[in-house]
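For reference, the structure discussed in these notes is given below.
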Amino acid sequence: MKRLAQELSLEGQPGAFAGSLMNSSADLVARACQGDQEAFRLIFERYSRPIISFIYDLVGDRELAEDLTQETFVRAHRGLKALREGAKLSTWLFGIAKNVARESLRSRMRHQQRVELDDAAVLDLSDRGPAPVDQLLDRELNVVIRRSLAALDDDKRVVFTLKIFHQCSYEEIAEITGFSIPKLKTDLHRARVEMRRRIGPYVRV
Amino acid sequence: MKCNDCLNLLEQYVDGEAPERDAEQVSAHLITCADCAREFETFTGEQEIYARYDRELEIPQSMWGIVAARTVEHSASEARSRSGSRQWFAGLFTLPRFGFAFSSAMAVLIVAAALGVIYLRNHKELNPPLIAGGNNANPLSPPTKTTEETNPPAIETSTPPISPRAMEAKTSKSNQPARKKSVAGDQGGVLFTDAAYTDIEDRDTASHLEKAQDLLISIRNIKSDDDEEIDVTYEKSESRRLLNENIVLRRDAEMAGKFPAKSVLGSLEPFLIDIANLPDKAPAPDVRQIKDRVQKTEIVAELRSY
C-alpha cells in the first residue's frame, strides 16, 4: 500500500525531503523562473519518478526512458516561463513527456525498428534464487502488464497510462493529450477491455 | 437505476469521474444488484493489479547532474546570445562610444602638448630673444652683416657703432637680469605662452610683437630731457625691419580674419613708421614726442595684453 500511495501521488515523491514538500509547485515554478536552480532541483525530485514511469510505459525501454526524462526536464526548464498561471505543473510536465516520447517513437519508426519491451531482464528469474510465490507472481504480472501495454496503440496506451497509473482526471488527460473527452473515454474503455483480456486470469487468481 | 445504466456509468464511477447524482445512484444500485457488484469488483481487482505494477525503475543519481548541467549550459548560452543580440541591436541606435580609445588619445595629446611646451621653452632659453641675450644677439646691438646688406647704403654708411644711450639702455637691461627675466617670464608664461600659439603665423606675430615691444620700451627709456640730438640709428633700423614685417603680418591677419592681431599690428604700425623715419641723430623733441605717444597710448601694454 505504501508503494501504491507513492505511485499514485505526484506530490509526495519518495526521496523528496521534507523541505521540498513545503514548497508548492507554484512557488517552485516562480523561483525556478527567476533562475533558482535549487527550486528546479526540487521540481525534478518531485516529478522525475512519475515522468520516467510514464515515459517508460510509452516507449518500453529503460535507458531510453532515462534519456527522455532528462530531455523532458531540460525542455521544461527552457519553457518554464511559458507555463501559464494556474496551470497544473504535473499536467504540463506530462504533456512535455508525452511529446518527447512520441518524437522518439516516430524517430524509431522511421528507422524501421520495432518498439519492443525490454522485459528479458524481468523474465530472467533463474539467477535470483528462490522467491516467494507472490514475488514470482508479481514479476510475471509485471511482464504481462508491460506486454499488454505495448500491445495497445499509442493513443490508448497514453490515455490508459495517465488514467490508471497516474490517476489523472479526464480533463487533465485531455489537456495532456489534446484529445476530446469523448475520444479519450472511448480510448480508455477500449484499452481497459484489451488489458482485461490479457490480465484477466491474474485478476481471477 | 437499471443495470444497463449502471454498467454504462460504472467505468466513470470507478474513475471517480461520474457526476455526484449518478455516483449516488450507482452506489445504491451496487448494493442491491449482485451482477453489477461483481462487475464493479472486477474493475477494482484490475485496479489492484495495476497498482502492483512495478516497473523497477530508479532515478539514476547522475540524472539530476546531467539535467542541471544542460540547463545551466543552456541558460548561459541564452544569456550570451541575448546579450550579443542586445548589444548588436543597441549598437544600431547608439552613438559611437569612444570610451577608452578616446581618453587614451586625449592623454597622448596632453602629454605631447606638455612635451612640446617644455621643448619650446628649452629652445627659447637656448636661443633667447635678442633683447635678452648677449651683445651679439641684442637687437639693440649693431646690425649684422646680413642686415647691413639689406639696408640702404646711405643708412649703412651712416650707421655708427651703438650709441652710448642705446648701450646704456642695453646695459641697463642686461644689468637687470631679474627684471628682464620677469618680463620674459611674463611674455613666455602669460602673454606669449607657446601653448597659445595655434600655428606658425601666430607664433611669428607673437615674436614680432615681442620685438616691437622691446623696441618701444627702448624708445620709452631714452633720456630726452636735453635738447641734444639723440642717436637712434639702431632703433631706426630695427623699426624699419619690424615695419616691413608688421605690414606683412597685418595683411595676413586681415586675410585670415584675425582681427585682434590685425588691430594690435595696426596700432603698432604708426609708431614703427615714426621711428623708422627718424634721422640717425634724431632731435630730442621728436624722440620725446614719440616717447609721449608711447606712454599715452599705452601701446606697450596693448602689445603685452595681446
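Check whether at least one residue in the stretch B:292-304 is buried (at least 18 other Cβ atoms within 10 Å of the Cβ) and in contact with a Ser or Thr (Cβ under 7 Å, 6 or more places away or on another chain), and report yes or no. Yes.
Of all residue pairs spaced 6 or more apart or on separate chains, those with beta-carbon atoms under 8 Å, a first member in the stretch A:191-202 that is modelled with pLDDT of 90 or more and surrounded by 16 or more Cβ atoms within 10 Å (Cβ to Cβ) and a second member that is in a helix (DSSP H, G or I) and among the basic types (Lys, Arg) are A:ALA191/A:LYS156; A:ALA191/A:ARG157; A:GLU194/A:LYS156. Only one of the listed residues (B:ALA28, B:ALA18) is crowded, with 18+ Cβ neighbours inside 10 Å, over 27 Å from A:ASP138 (Cα atoms) and either in contact with a Gly (Cβ under 9 Å, 6 or more places away or on another chain) or of a type in the set (Gly, Ala, Ser) (or both). That residue is B:ALA18. Of the set (1) modelled with pLDDT under 80; (2) at the interface with chain B (Cβ under 10 Å from one of its Cβ atoms), all apply to A:GLU66 but (1). Just so you know, in the stretch B:38-63 the residues that are outside any helix (DSSP H, G or I) and not hydrophobic (A, V, I, L, M, F, W, C) include one that is surrounded by the fewest Cβ atoms within 10 Å (Cβ to Cβ), and it is B:GLU56.
Applying the condition of being more than 9 Å from every other protein chain (Cβ to nearest Cβ) and farther than 24 Å from A:THR161 by Cβ to the stretch A:33-63 and asking which residue is surrounded by the fewest Cβ atoms within 10 Å (Cβ to Cβ) yields A:GLN34.
Among the residues making up the stretch A:48-80, those that are among the acidic types (Asp, Glu) and either under 12 Å from the mean Cα position of the chain (by Cα) or assigned to a helix (DSSP H, G or I) (or both) are A:ASP57, A:GLU63, A:GLU66, A:ASP67, A:GLU71. I'd like to know if the stretch B:277-286 contains one or more residues that are at pLDDT 85 or above, under 45 Å from the mean Cα position of the chain (by Cα) and either surrounded by fewer than 20 Cβ atoms within 10 Å (Cβ to Cβ) or part of a loop (DSSP other than H, G, I, E, B) (or both). Checking the stretch B:277-286: not a single residue is at pLDDT 85 or above, under 45 Å from the mean Cα position of the chain (by Cα) and either surrounded by fewer than 20 Cβ atoms within 10 Å (Cβ to Cβ) or part of a loop (DSSP other than H, G, I, E, B) (or both). Answer yes or no as to whether A:GLY79 is more than 10 Å from chain B (Cβ to nearest Cβ) and at pLDDT 85 or above. So A:GLY79 passes the test. Pairs are defined by a Cβ separation below 6 Å, a sequence spacing of at least 6 or placement on different chains, a first member in the stretch B:1-13 that is assigned to a helix (DSSP H, G or I), and a second member that is β-branched (Val, Ile, Thr); the pairs so defined are B:CYS6/B:VAL26; B:LEU9/B:VAL26; B:TYR13/B:VAL26.
Somewhere in the stretch B:48-62, is a residue more than 8 Å from chain A (Cβ to nearest Cβ) and of a type in the set (A, V, I, L, M)? Give the derivation first.
Restricting attention to the stretch B:48-62, the residues satisfying the condition of being more than 8 Å from chain A (Cβ to nearest Cβ) are B:48, B:58, B:61-62.
Of the ones still in play, those that are also of a type in the set (A, V, I, L, M) are none.
There is no residue in the stretch B:48-62 that is more than 8 Å from chain A (Cβ to nearest Cβ) and of a type in the set (A, V, I, L, M).
Residue check: is B:GLU302 over 30 Å from B:ALA112 (Cβ atoms) and at pLDDT below 85? Answer is yes for this residue.
Any idea which residue in the stretch A:159-190 is nearest to the other protein chains (Cβ to nearest Cβ), counting only those that are among the basic types (Lys, Arg) and surrounded by fewer than 21 Cβ atoms within 10 Å (Cβ to Cβ)?
Filtering the stretch A:159-190 down to residues among the basic types (Lys, Arg) leaves A:163, A:183, A:185, A:190.
Restricting the remaining residues to those that are surrounded by fewer than 21 Cβ atoms within 10 Å (Cβ to Cβ) gives A:183, A:185, A:190.
On the way: A:LYS183: 15, A:LYS185: 8, A:ARG190: 11 Å.
Going through the qualifying residues, I end up with A:LYS185.
Exactly one residue out of B:VAL111, B:VAL14 is under 32 Å from the mean Cα position of the chain (by Cα) and modelled with pLDDT of 85 or more: that is B:VAL111. How do the pairs read when you match residues in the stretch B:91-117 that are of a type in the set (Val, Ile, Thr) and surrounded by 10 or more Cβ atoms within 10 Å (Cβ to Cβ) with residues anywhere that are modelled with pLDDT under 75 and assigned to a helix (DSSP H, G or I), using Cβ under 7 Å and keeping only pairs 6 or more apart or on different chains? Note: pairs meeting the criteria are B:VAL117/B:ASP194; B:VAL117/B:ALA195.
The values are calculated or read from the model by the stated rules, or taken from the named source; none is laboratory data. For clarity, every value in this text was computed on a predicted model and none was experimentally measured. Reconstructed Cβ throughout: ideal geometry from the backbone, glycine too, with neighbour counts over all protein chains shown.
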